[in-house]
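*Asks:* Sending over a structure as structure tokens; questions will come in a sec.
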Amino acid sequence: MPKIFTPETFSPEEREARKDFIDKHTPYIYCDTALQKGIPAFVRVRVGSEHAHIDDFNHYISTITLFDADHMLAKVELAACIVSAEERKGNAEVAFSIVPSKDVYHFNAQCYCTKHGLWQGKEVEVRVN
């Protein structure tokens with residue numbers, strides 16, 4: 001199993017010194033905090049909160065995966081240079097559509113950087129009404 005990097009992988013000193021690097025590799029989850037059972041909802045995953053990850057042929061985000069705890073819900077594969085903006089900065093972001101069917105979800109996301117490996121962000125707990 002490959003090593004999974006998280007912001008907590010690094011010491012507080014490293015996190016401060018490498019905050020741009022860590023941010024541009026970390027997947028962040030955005031969704032409503034109160035979902036309705038049986039009603040479709042979007043769960044967005046964006047790589048990088050403040051800093052865009054590079055997107056070129058040798059260094060890019062190749063996958064984004066959404067989990068509920070340890071259960072994979074969805075996965076998308078990205079091709080090199082498909083999410084580029086100016087200066088080869090990427091915009092690796094996807095919206096997964098789910099239909100909630102249980103009371104609580106523990107969403108977490110992973111992304112794979114072709115140069116720096118597998119990264120995981122913070123878990124987001126979402127209650128369903």
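Laboratory data are not the source of any read-out in this text; all were calculated from the coordinates shown. Computed from a predicted structure; not experimentally measured. Cβ placement follows ideal geometry from the backbone for every residue including glycine, while neighbour counts extend to all protein chains displayed.
*Asks:* Considering just Cα atoms, how many Å³ per residue does the convex hull of the chain enclose?
*Replies:* Spelled out: Cα convex hull of the chain, divided by residues, is 111 Å³.
*Asks:* Right, next: I need 63, 26 ordered by Cβ neighbour count within 10 Å, fewest first.
*Replies:* 63, 26
*Asks:* Sticking with this structure for a sec: Rounded to the nearest 20 debye, what is the charge dipole size of the range 8-73 about its Cα centre when +1 sits on each Lys and Arg Cβ and -1 on each Asp and Glu Cβ?
*Replies:* Result for the range 8-73 is approximately 280 debye, rounded to the nearest 20.
*Asks:* Below 24 Å Cα-Cα, how many Lys pairs turn up in the chain? Only count pairs eight or more apart in sequence, or on different chains, if you could.
*Replies:* Taking the Cα cut-off of 24 Å, the pair count is 22.
*Asks:* Which residue, chosen from 73, 51, 17, occupies the Cα position most advanced towards the positive end of the dipole of the range 4-128, where the dipole is computed from +1 (Lys, Arg) and -1 (Asp, Glu) charges on Cβ about the Cα centre?
*Replies:* 73
*Asks:* Charges at C-beta only: +1 for Lys and Arg, -1 for Asp and Glu. How large is the resulting dipole of the chain about its Cα centre, in Debye rounded to 20?
*Replies:* In total the dipole reaches around 240 debye.
*Asks:* Under a 10 Å cutoff between Cα atoms, tell me which one of 65, 33, 114 has the largest fluctuation in the Gaussian network model of the chain.
*Replies:* Checking each option, the largest mean-square fluctuation is seen for 33.
*Asks:* Could you list 97, 62 in order of exposure, starting from the residue whose Cβ has the fewest other Cβ atoms within 10 Å?
*Replies:* Listed from fewest to most nearby Cβ atoms, that is 97, 62.
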